[in-house]
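Visitor: Starting off with a structure, shown below.
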Amino acid sequence: MICVALTVFAYMFQAVITGIHERTFIAIKPDGVQRRLVGEIIRRFERKGFKLVGMKLMQASEKLLRDHYIELKDRPFYNGLVKYMSSGPLVAMVWQGLDVVKVTRAMLGETNPADSAPGTIRGDFCVEVGRNVIHGSDSVESATREISLWFHPEELTCWNDCADNWIYE
């Protein structure tokens, strides 16, 4: 019951959830879906110990994507990015865990795959910036905003993970 209340509170008031309840938004982009990398990417986050609390396979609308990438609207690649992201299905997810925003960003690698270390998602699976397989929130604040764009509170599932005692002190 507490978890449901936290989810609704965070969604309604854009509160930052911290500690082991911190959440982030991750999207496997159309190139990741087309290349059948969804299972491998999910496996990496699960193995790290993060908890999946929301997921959907969807074709994102241009309006949703324009809202999502609003900070980039003045950049020359903005329209192409929106068009590309709406060109095929993507997998939208919410992951939860201690420092999940910071840690998942490190797991993704740099935006430019050429700068990404081997062992990161982009370092292992990507060649070009325009096909970098995955999006991850870059701060707790952007995670809160992005989660509220992509998910309704009832689409996020709070559940007790029996592995929590083996992951957290």
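Visitor: On the accessible surface of region 16-114, probed at 1.4 Å, how many percent belong to carbon and sulfur atoms?
Guide: Its accessible area is 53 percent carbon and sulfur atoms.
Visitor: While we're here: Taking amide hydrogens as modeled 1.01 Å from N in the peptide plane, which residues meet the under 5 Å criterion relative to residue 60, leaving out close sequence neighbours?
Guide: Amide H neighbours of residue 60, under 5 Å, 5+ apart: 90.
Visitor: Excluding residue 129 itself, what net charge comes from residues whose Cβ is under 13 Å from its Cβ, given Lys and Arg +1 and Asp and Glu -1?
Guide: So the environment of residue 129 carries a net charge of 0.
Visitor: A further question follows. Just 117, 143, 92 to compare: in a GNM of the chain, with alpha carbon springs under 10 Å, which one fluctuates most?
Guide: In this elastic network of the chain, the residue with the biggest mean-square fluctuation among 117, 143, 92 is 117.
Visitor: Do the sum for the chain: with -39,500 (n - 2.57) for every DSSP H run of n ≥ 4, divided by all residues, what is the mean residue ellipticity at 222 nm, to the nearest 500 deg cm²/dmol?
Guide: Rounded to the nearest 500, it is -11500 deg cm²/dmol.
Visitor: Based on Cα coordinates alone, diagonalise the gyration tensor for region 97-169, multiply each eigenvalue by 5, take square roots, and list the semi-axes in whole Å, largest first.
Guide: Semi-axes, largest first: 26, 18, 11 Å.
Visitor: Determine, for the chain, the count of lysine pairs separated by eight or more sequence positions (or lying on different chains) whose alpha-carbon distance falls under 19 Å.
Guide: So the count of such lysine pairs works out to 9.
Visitor: Taking 30 Å as R0, compute the FRET efficiency from the Cβ-Cβ separation of residue 56 and residue 83 and round it to 0.05.
Guide: Calculated value: 0.90.
Visitor: On a 0 to 90 degree scale, rounded to 10, what angle separates helix 2-13 from the longest Cα axis of the chain?
Guide: Helix 2-13 and the main axis of the chain meet at about 50 degrees.
Visitor: Same structure, new question: Using the alpha carbons of the chain, what is the convex hull volume per residue in cubic angstrom, as a whole number?
Guide: Convex hull of Cα atoms, per residue: 113 Å³.
Visitor: If you count only protein heavy atoms with a 1.4 Å probe, what accessible area per residue comes out for the chain, rounded to a whole Å²?
Guide: Roughly 55 Å² per residue, with all protein chains present.
Visitor: Would you mind telling me which residue in 22, 146, 128 has the biggest mean-square fluctuation in a Gaussian network model of the chain, where springs connect alpha carbons within a distance under 10 angstrom?
Guide: 128
The values are calculated or read from the model by the stated rules, or taken from the named source; none is laboratory data. It should be emphasised that the depicted structure is a prediction, and the values quoted were computed from it without experimental measurement. So basically every Cβ, Gly included, is an ideal-geometry build from the backbone, and we count neighbours across all protein chains shown. In case anyone asks, the SASA skips ligands and DNA or RNA and just uses the protein heavy atoms, side chains included. Shrake-Rupley method; radii C 1.70, N 1.55, O 1.52, S 1.80 Å.
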